[in-house]
1. Please verify whether segment 626-644 includes one or more residues that are open to solvent by 10 Å² or more (accessible area, probe 1.4 Å) and without any contact (Cβ under 8 Å) to a residue 12 or more places away in the chain.
2. I'm trying to understand the selection: among the residues of segment 484-501, which are assigned to a strand (DSSP E or B) and open to solvent by less than 10 Å² (accessible area, probe 1.4 Å)?
3. Among residues belonging to segment 465-483 that are in contact (Cβ under 8 Å) with a residue 24 or more places away in the chain and open to solvent by 20 Å² or more (accessible area, probe 1.4 Å), point out the one that is farthest from ILE167 (Cα to Cα).
4. Out of (1) in contact (Cβ under 8 Å) with a residue 40 or more places away in the chain; (2) acidic (Asp, Glu); (3) open to solvent by 10 Å² or more (accessible area, probe 1.4 Å), the odd one out for ASP97 is which?
5. Suppose we filter PHE202, PHE198 for residues that are among the aromatic types (Phe, Trp, Tyr), over 30 Å from LYS471 (Cβ atoms), open to solvent by less than 40 Å² (accessible area, probe 1.4 Å) and modelled with pLDDT of 85 or more; which single one remains?
6. From the set of residues in segment 282-321 that are under 13 Å from VAL372 (Cα atoms) and hydroxyl-bearing (Ser, Thr, Tyr), which is surrounded by the most Cβ atoms within 10 Å (Cβ to Cβ)?
7. Considering only residues that are open to solvent by 40 Å² or more (accessible area, probe 1.4 Å) and either closer than 16 Å to PRO463 by Cβ or in contact (Cβ under 8 Å) with a residue 24 or more places away in the chain (or both), which ones fall in segment 652-664?
8. Take the residues of segment 1-56 that are among the β-branched types (Val, Ile, Thr) and closer than 24 Å to GLU92 by Cβ: which is surrounded by the most Cβ atoms within 10 Å (Cβ to Cβ)?
Amino acid sequence: YSFYVIGSPFFWLTLLFPTVAVPYLLGPLLMLKFALAATFAAIYIRRFIQTSVFAIIGGMLYAFSGFSLYNVFFNHFHEAIVFFPLLLIGLEMLMRDGKKGVFCLAVALCATVNYFFFIAMAVFLVPYFLFRAFSHEWNINVRKILCVAFESVVGVMIACVLFLPSILEVLQNSRVSSMLSGWDLILYGNPRLYANIFISIFMPTDMSSYPLYVPNAGTNWASLSAYIPLFSTTGVVAFLISEKGNWLRRLLIFCLIAAFIPALNSAFTMMNVAYYARWFFAPILMMSLATACAFEDPQEFDLHKGIKYTFIITAIIVLVVGFIPMSTVIDGKTVTHIGLFNVGEDSEFHKWNPIRFYANCVLAILSLVIVVILYKNRKNRRRYVSLMLAMTFVICSLSGMYVVFAGRASSMGITSRTEYGLLNYTPNFKDDSYYRVEEYAFESNAPMYWGERSIDCFNSVVPASIMDYYKYIGDKRDVESKPDTQYVATRALLGVKYLADYRGDDKRSNHRFVNDANETAIKGFTRLGNSGNFTVYKNDNYIGQGFVYDSVISQSELDKLPSISRNKDEVMLYGCLLGQKGMSKLKRNYNSISAELDEVGIEKICEKNRKTAVQDFTKTNCGYTMNVNSNGGLCFVSIPYHSGFTAFVDGKQTEIIRANVGFMAVEVEDGTHQIEFKFTPLGLKEGIVLAGSGVVLLLVYAVIIPAIIKRKRKKV
């Protein structure tokens with residue numbers, strides 16, 4: 001959760017309130033984030049311009065940019081937008097003012113808040129530093145370069161309490177290993193992506209789930225938007241035309257080139273193969289700075305050309321995307337319509353109309369018309385500045401409200417489901433034991449909000465063992481755990497006891513889990529009744545959170561049986577699946593399962609395993625405890641395998657065996673035993689030591705040494 005919220009100070013504010021209040025806190029927290037983003041950006045921009053009003057305007061443009069509004073859906077992305085300007089402020093204070101420690105603290109803050117975005121920030125700082133260093137605005141020398149390097153390292157050290165365990169954890173994720181290579185480093189595989197990147201600079205923001213301008217460009221959830229509200233690229237183009245040797249001009253050109261070259265674009269996301277534009281907050285701050293500079297001094301910058309070129313390009317985009325005819329296949333029928341924009345082919349459930357596209361066009365053109373009017377008032381300085389501030393406020397506010405409204409209007413079904421399935425009428429399973437639930441065709445993280453444990457989970461970062469398990473049984477796991485309905489045994493292995501099927505509110509009925517023949521979508525579930533807006537089913541094959549095996553099968557043996565009629569997860573109910581390393585750790589003799597596979601049905605084997613199921617399974621502050629009673633064997637527990645766990649049987653440390661591809665097991669003797677698993681995040685102890693050392697180094701560097709030098713100078 002360090003990718004999501006753990007390092008965020010905004011998350012820690014929510015802990016002051018009860019869980020039921022959190023949905024109602026998201027609005028005020030978003031207001032706070034936008035306000036701080038605008039404030040910090042304005043403080044940064046103020047260092048480069050003369051008038052504070054235009055610093056405020058630049059800060060608002062940054063806070064309400066297309067990137068910010070696009071990512072309202074990902075509310076934790078705004079932490080990066082908020083704190084990034086502090087990183088640049090700290091660097092400028094170190095290089096221009098000679099003030100030590102601020103940059104170090106900014107590095108520590110950004111690395112703590114979100115390691116993913118911090119990497120993008122660190123990559124961006126390289127060209128930023130180089131272009132600034134050669135601009136002659138910094139009095140650069142070896143001593144200052146060493147100070148930057150020192151503060152960077154110490155800042156990361158201070159953040160290592162979270163940063164080090166996060167990096168060690170994420171490096172195990174299989175998504176990290178999928179990196180660009182060959183032609184993919186030079187050219188995007190989908191040519192429509194180039195058009196989408198270009199359009200995102202000139203047109204108001206798209207929506208993350210429903211791409212509008214360029215259908216099938218592969219940019220869903222990619223955070224692709226670089227639009228500056230009201231001004232679009234008018235100020236940026238004027239700056240590029242007028243400031244030929246300026247460092248900011250060179251940096252903006254570099255960012256533009258980087259956006260169109262896969263290798264440079266993916267460098268901000270560790271060369272990942274998936275397309276993301278989640279570093280665009282950095283060039284947007286530079287674009288906001290250029291816009292503020294250009295409109296602060298309209299006499300020095302060629303705003304006439306900036307407005308003209310932006311207007312022409314925007315008009316061309318509107319005409320091309322809005323009025324070229326295109327044929328699309330929807331629901332098996334060929335539909336011809338006017339416009340290249342999306343009318344629904346990217347989505348199975350959403351039928352679109354052109355209203356949102358034309359609304360975006362009106363907002364883009366209207367904004368440019370307002371800019372023309374503002375520009376014509378430039379000779380009356382007082383009126384010009386007042387109108388500029390007022391219209392920035394109005395358009396930023398309207399843009400933000402429009403994005404929220406358009407999002408709700410495009411997904412009213414989801415809004416209704418949220419209100420009736422999360423905020424109200426939630427299911428009550430009335431069970432005090434430790435179990436897992438499953439939601440059927442609802443919202444993946446709904447059980448988490450209900451306070452229930454679940455196998456359904458939308459979480460980008462999970463132990464690598466979970467990814468390995470799903471991959472081995474033939475299912476998909478990228479950012480979401482949601483096993484296919486055919487994997488009945490997975491529900492039994494992972495301790496699923498209940499399933500909740502959303503029925504809808506009083507005006508709707510949505511029994512999708514049961515078909516017209518009264519057959520459940522997943523075999524082995526029996527209806528218990530209704531609870532809230534859900535129908536609750538019980539898993540007839542429920543075993544528990546673990547059980548004791550008396551049979552094993554090696555992974556090499558199972559892989560040699562391609563003609564087996566059962567899914568691989570079902571085989572794991574009959575015997576514990578072990579790799580070669582796991583087999584070598586066994587101290588007991590176990591039965592072979594090959595003979596009984598076709599003789600015993602899944603119901604019978606689950607009934608057998610239930611007799612040795614673990615009891616009193618309890619989550620503790622540092623792991624899990626449970627009791628087991630059996631004739632001895634291999635006690636499997638449906639806890640994801642992780643090298644941070646240590647196991648104890650009756651208080652004695654016991655070796656953990658990786659079982660069933662992604663989980664853990666320990667060997668137990670005949671009788672009743674207490675088993676305990678204790679977890680320590682990898683790198684946590686080392687991170688604490690590094691953080692403490694970093695704090696000491698920072699105090700010596702920024703406080704003690706300067707104090708000693710100051711005292712010596714006084715004596716002299």
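1. For segment 626-644, residues open to solvent by 10 Å² or more (accessible area, probe 1.4 Å) and without any contact (Cβ under 8 Å) to a residue 12 or more places away in the chain: absent.
2. Scanning segment 484-501 gives VAL496, LEU499, ALA500, ASP501.
3. Across segment 465-483, the extreme among qualifying residues is GLY474.
4. ASP97 satisfies all of (1) in contact (Cβ under 8 Å) with a residue 40 or more places away in the chain; (2) acidic (Asp, Glu); (3) open to solvent by 10 Å² or more (accessible area, probe 1.4 Å) except (1).
5. PHE202
6. THR310
7. If the condition is that a residue be open to solvent by 40 Å² or more (accessible area, probe 1.4 Å) and either closer than 16 Å to PRO463 by Cβ or in contact (Cβ under 8 Å) with a residue 24 or more places away in the chain (or both), then GLU655, ARG658 are the ones that fit.
8. Filtering first and then ranking leaves ILE45.
The values are calculated or read from the model by the stated rules, or taken from the named source; none is laboratory data. Because the structure is a prediction, the values reported are computed rather than measured. No Cβ is skipped: glycine too gets one built from the backbone with ideal geometry, and neighbour counts run over all protein chains shown. What goes into the accessible areas is simple: the full protein's heavy atoms, side chains included, and nothing from ligands, DNA or RNA. Shrake-Rupley method; radii C 1.70, N 1.55, O 1.52, S 1.80 Å.
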